[in-house]
Amino acid sequence: MTKPPLTLYLAAPRGFCAGVDRAIKIVEMAIQKWGAPVYVRHEIVHNKFVVDALRDQGAVFVEELDDCPDDRPVIFSAHGVPKAVPAAAAKREMIYVDATCPLVSKVHIEAQRHADNGLQMIMIGHEGHPETIGTMGQLPEGEVLLVEAVEDVATVQVRDSARLAFVTQTTLSVDDTADIVAALQARFPAIIGPHKEDICYATTNRQEAVKAMAPKCDAMLVVGAPNSSNSRRLVEVGARAGCSYSQLVQRASDIDWRALDGIRSMGITAGASAPEVLINEVIDAFRARYDVTVEMVETAKENVEFKVPRVLREPA
Ligand code: SF4
């Protein structure tokens, strides 16, 4: 039987970012250095495939530091942790390695600097996301106000509208965040913040590639996990950029083939925590059903790399 033709647009950049790559290396190198088990507080990055592979190598994933024994190393996930967490590990004299992405750590430093200058902080982010918890946890409880959407700006209660600063989660929608920042600046003209926001290069580049790709596609799939903020944003960006069917899949087995009936063009991208092996699995699933022609939609080249912490580069 002849397969129907399908143009498969592949977004570039897509998938792993430098912070995710570094965090995974940190767990692997820690297991090599100290042997298994090595504890990891929270999923090191939001991807089940990555977490399962590390678990097979000897990583034990827990949600709280209290779930770790004193005598095994513990790693903090790429999303960052409240200051109280490394402080508690130090108090217990544990070996700990912080895999917080350096671009998240930069936001932590910004928040602390503003607070040291006597400014009240507003964080633009998603309630309950580990990165938001980690960044807000750089300052004492109640010091950072959370704003999730433009509507929240009208009701946020500040101490002194002349002494305010904002930071953002790194994995937000660039366009939504611009609207929230504009609303904050309209209500609090003296508010201080980064040049635009704190959204990282990887989030920005993946959203730009989707904006260029989506209008060409009858349907679009984002390979990523349901708890991955940047992956979910890519689905929204695809839908807004004109692709009427924009869906998240973790693996090829999640693809709803019936919904794709009759398509002639397909876009594929992946969130920053999705490995290339899963993207290839999805492409292979299309090759099995269609006569596929792959076309790249490249909007940026990335060559960012982050070093692992020194403790892992030194011999045991
Ligand atoms: S998405 Fe951005 S902030 Fe998050 S780990 Fe990757 S580079 Fe770092």
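Key figures
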| item | result |
| --- | --- |
| Difference of contour (0.36 nm per residue) and Cα-Cα distance, Asp218 to Asp291 | 24.7 nm |
| Net charge dipole size for segment 18-101 [Lys, Arg +1 and Asp, Glu -1 on Cβ; Debye, nearest 20] | 240 debye |
| Residues of type aspartates and glutamates that Lys106 reaches as a straight line, Cα spacing below 14 Å, ignoring anything fewer than 8 places off in the same chain | Asp98, Glu131, Glu197, Asp198 |
| Rounded if a/c under 1.5, otherwise prolate or oblate - segment 177-221, Cα gyration tensor axes | prolate |
| Percent of alpha-carbon pairs separated by more than 30 Å within the chain | 40 percent |
| Using a Förster distance of 41 Å, the FRET efficiency for Asp52-Glu148 (Cβ separation, nearest 0.05) | 0.85 |
| Residues Glu208 and Ala316, FRET efficiency given R0 of 41 Å [Cβ-Cβ distance, rounded to 0.05] | 0.45 |
| Estimated 222 nm signal from helices in the chain, with DSSP H stretches of n ≥ 4 weighted -39500 (n - 2.57), rounded to 500 | -11000 deg cm²/dmol |
| Segment 1-157 shape via C-alpha gyration tensor axes, a/c threshold 1.5 | oblate |
| Cα-based shape type of segment 51-136, given that a ≥ b ≥ c are square roots of the gyration tensor eigenvalues and the cut on a/c is 1.5 | prolate |
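Read-outs throughout are calculated quantities, based only on the coordinates presented, and are distinct from any laboratory measurement. As the structure is a computational prediction, the values presented were derived from the model and not from experiment. With ideal geometry, Cβ positions are generated from the backbone for all residues, glycine too; neighbour counts draw on all protein chains shown.
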